[in-house]
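First up is the structure itself, then whatever we jot down about it.
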Amino acid sequence: MVVEETLVMIKPDGVARGLESEIVRRIEAAGLEIVRKQRKRLTRDEAERLYEPHRGKEFFDRLIQFTISGDVVLMLVRGKNAVARVRALIGPTDPAKAPKGTIRGDYGTTVTQNVIHAADSPESAKRELSLFF
């Protein structure tokens, strides 16, 4: 197993609903370490750089507008196979398809308002972490 670092972001809906402590609890209960954490409101530029791989897709502007609509919590998470383990914790992007017991399955409401973002590959994790940490 490889020790990895990955980005996890609690989206504005998760922050507004007070889910930060529950999400942190789940990450730590999975044996992952939260190395750094910061709460902030992303600028449009930061949100566009984070979601750059989705530029040009029909949902891009809606996703950016939502992401900058309120505070987010950014976390640098470290652990063995952290990227895959975090992705398993959060579940699929669409909360309707996410199993109960995953963060999105338990708390997500729509594909955009799905409470949490996490890097989907080690390469994405490096790129995304470089934006904020």
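The values are calculated or read from the model by the stated rules, or taken from the named source; none is laboratory data. What you see is a predicted model; the values in this text were computed from it and never measured. Glycine also receives a Cβ, built like all others from the backbone with ideal geometry; neighbour counts cover every protein chain displayed. Keep in mind that these areas ignore ligands, DNA and RNA; they rest on the heavy atoms of the full protein, side chains included. Shrake-Rupley method; radii C 1.70, N 1.55, O 1.52, S 1.80 Å.
The value obtained for the stretch 48-119, namely the Cα convex hull volume divided by the number of residues, is 102 Å³ per residue.
Ligands, DNA and RNA are left out, and with a 1.4 angstrom probe the accessible area of the chain is 50 Å² per residue. Average projection, convex hull of the Cα set of the chain: 7.3 square nanometres.
From helices alone, the chain scores -11000 deg cm²/dmol at 222 nm; the rule is -39500 (n - 2.57) for each run of n ≥ 4 DSSP H residues, then divide by the residue total. Here the stretch 8-38 and the stretch 51-127 have alpha carbon centers that stand 12 Å from each other.
Of the peptides 45-58, 10-23, the ranking by mean beta-carbon count within 10 Å, highest at the top, reads 10-23, 45-58.
Ligands, DNA and RNA aside, MET9 has an accessible area near 0 Å² when probed at 1.4 Å. For the chain, the number of Lys pairs with C-alpha atoms closer than 27 Å, counting only pairs eight or more positions apart or on separate chains, is 17.
What a 1.4 Å probe finds exposed on the stretch 19-109 is 49% carbon and sulfur by accessible area, rounded to a whole percent. Volume per residue of the convex hull around the Cα atoms, evaluated for the stretch 5-77, comes out as 93 Å³. With each label modelled as a point 7 angstrom along the Cα→C-beta vector, the GLU52-ARG127 pair spans 0.6 nm. DSSP beta bridges fully contained in the stretch 1-119 are about 95 percent antiparallel.
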